[in-house]
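Undergrad: Questions regarding the structure given below will be posed in turn.
What follows draws every value from the coordinates through simple rules; no lab data is involved. These numbers were taken from a predicted model, which means no experiment stands behind them. Virtual Cβ from ideal backbone geometry, glycine too; neighbours counted across all protein chains shown.
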Amino acid sequence: MTLVESITLGIVQGLTEFLPISSTAHLRIIPALCGWDDPGAAYSAVIQCGTLAAVCVALRHDIVRLARGTLAGIRSGRPLAHADSRAGLLVAAGTLPIVVVGFAARHLIRGEARRLEVVTGALLFATLVMAAAEWLAWRRARRGDRGRDGLDAVGIRDGIVMGLAQVLALIPGTSRSGVTISAGMATGLDRATAARFSFLLSLPAVAAAGFLEAWQQRHAIFGSGEATLHAVVGTLTAAVVGYASIRWLLRVLTTHTLWPFIAYRLALCGALAWMLGSSAARSIPSLFAFL
């Protein structure tokens, strides 16, 4: 890996972690298009720590408020009685499914799940989920229901559904933000609130994945000064770009829909399907020649 690759992958990670277009898919696709080696699930998880830092800075007031509320709720013996405490506990509870499934399927996630065929299928499936969420939001809007606004409006059902949806993000191409925002919209939250809770929900899972991969793959990622430099550069680049993208997306979703992202994902699916189909077609003459 070169510094150009590290910076490029950091930019890609920062832009796509929060935009509902799948960071893991783009971290797999961009190197393939450029003729670079796959950076691997471990490197992808490590530079996600940059976007983790971006969330912590961008949503620092929400994080402090939820942390204080959760501690106060636990001390009072009524953790679900107050909105801040409830939201904090829902972030913790919503993280459990992805931790359990991620650990159980870790070898599959690092290997076969990164195939471009799998990425394309996951990209299409999650795009249909996003379109369904927008359709439900449109139907509610016709009845005058714009969705529940603010973290105070996040309830137990919202947290459970979004936590379960987050498990799908283990498959490259799905988009953590895409499926969790869609899940929140499906339960009745407005887009901006669903996005805000989605980003908060990602904190424990991204932190756990990043630090675990960094420790388990430390010899490969930090085995030399050059490898360490690439990891640090990619992570810092992802942090800076990620902060700008999260601030932008939260503003956009207050007045705009997910349809532009849905259209982009459909176009990307089409391009990937064409590429894979062309590759398969080119391999047929070689197969006959071999036979």
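Undergrad: Starting from region 134-219, pick out the trypsin sites (Lys or Arg not before Pro) whose DSSP state is loop and whose Cβ has at most 13 other Cβ atoms within 10 Å.
TA: Those that pass, being in a loop and sparsely packed, are Arg143, Arg146.
Undergrad: At a 10 Å Cβ-Cβ cut-off, how would you order Glu112, Glu134, fewest neighbours first?
TA: Final ranking by Cβ density, sparse to dense: Glu112, Glu134.
Undergrad: What is the helix-to-structure angle for 176-186, meaning the angle in degrees between its Cα long axis and the longest Cα principal axis of the chain, kept from 0 to 90 and rounded to the nearest 10?
TA: Roughly 40 degrees, rounded to the nearest 10.
Undergrad: Related question: Sticking with the crude label model, points 7 Å out along Cα→Cβ, report the distance from Ala267 to Arg247 in nm, one decimal please.
TA: 2.7 nm
Undergrad: Another one. For a Förster distance of 45 Å, can you work out the FRET efficiency between the beta-carbons of Ile160 and Glu117, rounded to the nearest 0.05?
TA: The pair Ile160/Glu117 has a calculated efficiency of 0.90.
Undergrad: Then there's this: Return one number: the angle in degrees, 0 to 90 and rounded to the nearest 10, between the long axis of the Cα atoms of helix 23-34 and the longest principal axis of the Cα atoms of the chain.
TA: That helix lies at roughly 20 degrees to the long axis.
Undergrad: In addition: Can you give me the C-alpha center-to-center distance between region 86-133 and region 1-53, rounded to a whole angstrom?
TA: 17 Å
Undergrad: 222 nm [θ] for the chain, helices only, -39500 (n - 2.57) per DSSP H run of 4+, per residue, to 500?
TA: The helix-only estimate for the chain comes to -26500 deg cm²/dmol at 222 nm.
Undergrad: Here's something else I'd like to know. Given a cut-off of under 8 Å on Cα pairs at least six residues apart, what relative contact order in percent is computed for the chain?
TA: Once divided by the residue count of the chain, the mean separation gives 34 percent.
Undergrad: How far is helix 225-252 tilted off the main Cα axis of the chain, in degrees rounded to 10, range 0 to 90?
TA: Relative to the chain, helix 225-252 is tipped by roughly 50 degrees.
Undergrad: In nm, to one decimal, how far is the modelled label at Arg106 from the one at Arg68, with both set 7 Å along Cα→Cβ?
TA: 3.7 nm
Undergrad: 5 Å is the cut-off here: which amide hydrogens, built 1.01 Å from N in the peptide plane, fall below it relative to Leu189, excluding neighbours closer than 5 in sequence?
TA: Amide H neighbours of Leu189: Arg148.
Undergrad: When a footprinting reagent is the concern and you count Cβ atoms within 10 Å, what order do Cys56, Cys49, Cys34 take, fewest first?
TA: If I rank by nearby Cβ atoms, fewest first, I get Cys34, Cys56, Cys49.
Undergrad: Tell me, what is the FRET efficiency for Arg139 and Ala93 to the nearest 0.05, using R0 = 30 angstrom and their Cβ-Cβ distance as r?
TA: Efficiency, from the Cβ-Cβ distance: 0.55.
Undergrad: Taking neighbour counts of Cβ atoms within 10 Å as a proxy for exposure, in what order, fewest first, do Asp38, Asp62 appear?
TA: Asp38, Asp62
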